[in-house]
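> Would you mind keeping the following structure in view while I ask a few things?
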Amino acid sequence: YGQVTLKNVFTLDDGTGMDANKALFIHDDLSLSSGSIMKFVVTISSDNVNKELDLKVTIAWTDKPYDVAANGASILLNDIDLMLETPNGNSYWGNRQPDGDDKNTVEQIHIATTTEVGDYTIYVKANTLVTSTQKVALVATYPCDAYPNNKGNVYVTGPTSVFRLPSGLTTITA
């Protein structure tokens, strides 16, 4: 609990660790207010789709202490959701919850094999917050040019503020 095995998230000098054909993107200081939506875009080229590697996006935050007597059955005080739309319009929600996960402070989307060329759009939405703002960390691993050519995160743009989610994000893709 709470420990990171670095070889699982970095390509090490001896060639072990994360696949050298993948990149790691970290944004650990995303500040959200209630109702806000932030967008990131990961671009995957045809050369990188042909590598048949996965795309994984995770968000995490620390929620305020929960008071059962004051809050009833709700578990999260600050409810934040993770969504992803593929280039062909397929939709994924964090933790495979089609209406958003309102029980966990860690959400993940994992596409086992990226098969679509183009922009994978990631949305982080603050549904309801009991605090004025909430800090959220976002981590993504995705297919890219071989290490060390990927050090600049040139395949990821964002965060960008958006006003609403695309209408296609209403159903989950299995």
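The values are calculated or read from the model by the stated rules, or taken from the named source; none is laboratory data. Given the structure is predicted, the values throughout are model-derived calculations rather than measurements. Ligands, DNA and RNA are stripped out before the accessible areas are found, and what is left, the full protein with its side chains, is counted by its heavy atoms. Shrake-Rupley method; radii C 1.70, N 1.55, O 1.52, S 1.80 Å.
> HN-Hα J couplings of the range 97-108 from phi, Karplus 6.51/-1.76/1.60, θ = phi - 60°, integer Hz, Gly and Pro as x?
For the range 97-108, the Karplus curve yields 9, x, 10, x, 8, 10, 10, 10, 9, 10, 10, 9 Hz.
> Sticking with this one: Sequence-distant or interchain residues sharing an amide H contact under 5 Å with Ser36, placed H: which?
Amide H neighbours of Ser36, under 5 Å, 5+ apart: Ala126.
> Please give the solvent-accessible surface of Thr160 in Å², to the nearest 10, using a probe radius of 1.4 Å with every protein chain present.
We get 70 Å² for Thr160.
> With every protein chain kept in the model, how would you rank Arg96, Arg164 by accessible area, 1.4 Å probe, largest at the top?
Order by accessible area, largest first: Arg164, Arg96.
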